[in-house]
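The values are calculated or read from the model by the stated rules, or taken from the named source; none is laboratory data. For clarity, every value in this text was computed on a predicted model and none was experimentally measured. Methodologically, a virtual Cβ is constructed for each residue, glycine included, from the backbone with ideal geometry; neighbour enumeration extends over all protein chains shown. Note: areas computed on protein heavy atoms with side chains; ligands, DNA, RNA excluded. Shrake-Rupley method; radii C 1.70, N 1.55, O 1.52, S 1.80 Å.
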Amino acid sequence: MENDIQESKIACTFEDFGLAPAILDGVKAAGYVTPTPIQVDAIPAVLAGKDVIGQAQTGTGKTAAFALPAMSRIKNNKNVEILVLCPTRELATQVADEMFTLGRFAGVKTVPVVGGQHLFRQVELINRGAQVVVATPGRLMDHLREGRLKGFAPSIVILDEADEMLDMGFIDDIRDLLKQLPENRQTLLFSATMPPAIRSLANEFMKDPVHIKLNTHQQANTDIEQRLHVVRADEKENALLRIIDVEDPAKALIFCRTKRDVDEVTEKLLARGIAARGIHGDMGQPQRNQTVELLKSGQIKIVIATDVAARGLDIRGVTHVINYHVPDNRERYVHRIGRTGRAGELGIAITLASAGDLRHNDCFDKKYAPDFKVSAVPRRDAALAKRGLAMAETIKAVEISRDWHAAVEELLANVPTEDLVAKMFSLLMGKRKVVGEDQIGMPKEQAERILMGSGSQGGGGRPPFGRKPFGSKRPFQDRRPNGGSSGSRPFRDNNRERSFGGDRQGDSRGPARSGDRPAFRPSYANRDGQAPRGPSSDRPFREKRREFQPAPNLN
Ligand code: AMP
């Protein structure tokens, strides 16, 4: 029935595919040099007019994999010839942007059709001779039901992130739509996973599709270093601040479970003088776009998001993904961390999990354990050293004002130079405290034991006798820059500028149910297994709400 292609290993160039010359100009303008594996397999099949199922996650170059050959097949008859359906406005806008870049030399006109924009303006743009419509199902169905799109009969229909559309409840709209479209169309379906409902959609509406399996959804991109810290719920806030201090990420996405969590974490970071913004479904589209732009342009370094709000975000150069709350399942985990390590760059994914998460969440199933680099949260002195160095750099860059000449002379006359520098440094750094205990989170060995001895199938907290030591095979570590080969990375793009520089809270508070006792008493907990009551700054967000300071101005 389906023609299965496992990921192709044949190296080739974009010129080898037989794409339209003007489309190749778009490829050059986008700066793509080498086709990605999904492009290698999908482009010839789409050019040959075949239906294609592409099983690939975001970050693999799947947009160009369908956009390039589909646009090469445009006949330019002044009607909509290509329809791309996307689950979210953000993704639709990004796909439309990419299709504009790739298709502009071929004169391809692309119109995004998403909610939150003027209805009739969209219709007007389409009627002016657009060949490509990139839409969310809801808004497109509105137009079709009201009969606003006369003669709408695209000959190529692309379902992008089909599993997300299923999750968001669009499946019936998609079915209705596909029934209305010409039967002799070409249908392409891209999805990270293939749940039964997507398989049956494909069986019903696709003709003898070529099935390209790039990667299973459970396999994370090996360009991502996956770190794991085991912390209690009440340690997370300080753990996050410590990590931000030590990592000093150029661009980080922090994932939280709920909108409220996003607000709380954002507030907390802002109160510490860290330029961060939250993004979630209660925010209007302009505000969400503005946040994405601020991160893209480097004006802020940190965005905190829910899973839903982060769908479809393609921000170049995300160096760190931080799971402040563990996602519900492995698929979400892979999806989240796939925001970094894109297009051949290396990325870092840091997960803050409780001991309970390690036992009950399939993100930490035993078979994935070797992928994780487990450690305690960096210690206080690591954070202090990092801050000190950062401050030293700032001081070196300061322009000297002669206005203070007299005071400087006076100090130099009375205080030895070394003491003087140390005093001034202390004065400056005094304002920027490193909060939290020296050791935050469970020590490495203890956390590794739980990870190896549990996972969703594992049950208990201790490894069986005689198990091999953890971490004997860590794919990432040997592959750091200068340290290992880059040959097995999916693709590399030297011409482009890249700036790579559920936490169930109860689980971590001790035995919630009988039979679910933790196999350890964390050495960093008090005798009764509770969180040590540190200074007020060590308490979790909720307890500290009243103490929040007003957010500093980001500009
Ligand atoms: P996607 O999987 O479509 O979300 O693409 C991920 C990122 O890779 C996007 O930023 C694309 O612009 C970029 N990209 C796609 N194809 C290539 C390629 N052949 N070379 C370099 N970058 C690419």
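Leaving out ligands, DNA and RNA, and with a 1.4 Å probe, what % of the accessible surface on the range 224-380 is carbon or sulfur? That fraction is 46 percent. Using a simple spin-label model with pseudo-atoms 7 Å out from Cα toward Cβ, D362 and D381 lie 4.4 nm apart. Given Cβ point charges of +1 (Lys, Arg) and -1 (Asp, Glu) and nothing else, what value in debye, to the nearest 20, does the dipole of the range 3-213 about its Cα centre take? Using only the charged Cβ atoms, the result is roughly 700 debye.
In this structure, the amide hydrogen of I254, modeled 1.01 Å from its nitrogen in the peptide plane, lies closer than 5 angstrom to those of V303, I304, A305, I322, counting only residues at least 5 positions away or on a different chain. Given their separation in residues at 0.36 nm each and the Cα-Cα distance between them, Q290 and A197 gain 29.9 nm when the chain is fully extended.
Distances longer than 33 Å among the Cα atoms of the range 3-213: what percent of all pairs is that? Looking at the range 3-213, the distances longer than 33 Å represent 8 percent of pairs. Annotation: amide H-H contacts under 5 Å for V52 (H modelled 1.01 Å from N, sequence separation of 5 or more, or interchain): T187, L188, L189, V210. Think of each Lys and Arg Cβ as +1 and each Asp and Glu Cβ as -1; about the Cα centre, that makes the dipole of the range 35-134 roughly 300 debye. Calculated on the alpha-carbon coordinates, the convex hull of the range 93-215 measures out at 126 cubic angstrom per residue.
About the centre of its Cα atoms, the range 156-255 shows a dipole size close to 320 debye [charges on the beta carbon of Lys, Arg (+1) and Asp, Glu (-1) only; nearest 20 debye].
Considering only S375, N238, V321, and ranking their Cα positions along the charge dipole of the range 224-380 that arises from unit charges at the beta-carbon of Lys, Arg, Asp and Glu, the one farthest toward the positive end is S375. Of the residues S191, V113, I53, the one whose Cα sits farthest toward the positive end of the charge dipole of the range 3-213, with +1 on the Cβ of Lys and Arg and -1 on the Cβ of Asp and Glu, is V113.
A Förster distance of 45 Å, applied to the separation of the beta-carbon atoms of A271 and R104, puts the FRET efficiency at 0.50. Each label point was placed 7 Å from the Cα along the Cα-to-Cβ direction; for E146 and S426 their separation is 6.9 nm. One decimal place: the segment N329-K28 gains 104.5 nm when fully extended, by the rule 0.36 nm per residue minus the C-alpha distance.
Ordering of 108-121, 224-237 by packing is 224-237, 108-121, highest average first (other Cβ atoms within 10 Å, averaged per residue). Which whole-angstrom value gives the distance between the alpha carbon centres of the range 313-390 and the range 134-197? The range 313-390 and the range 134-197 have Cα centres spaced 34 Å from each other. The phi torsions of the range 346-351, fed into the Karplus equation with coefficients 6.51, -1.76 and 1.60 and a -60° offset, translate into couplings of 8, x, 10, 10, 10, 10 Hz, rounded to whole numbers, with Gly and Pro shown as x.
First measure r as the distance between the Cβ atoms of A392 and Q299, then evaluate 1/(1 + (r/R0)^6) with R0 = 25 Å and state the FRET efficiency to the nearest 0.05. After rounding to 0.05, the efficiency reads 0.55. Placing pseudo-labels 7 Å out from each Cα toward the beta carbon at A48 and D208 gives an inter-label distance of 1.0 nm.
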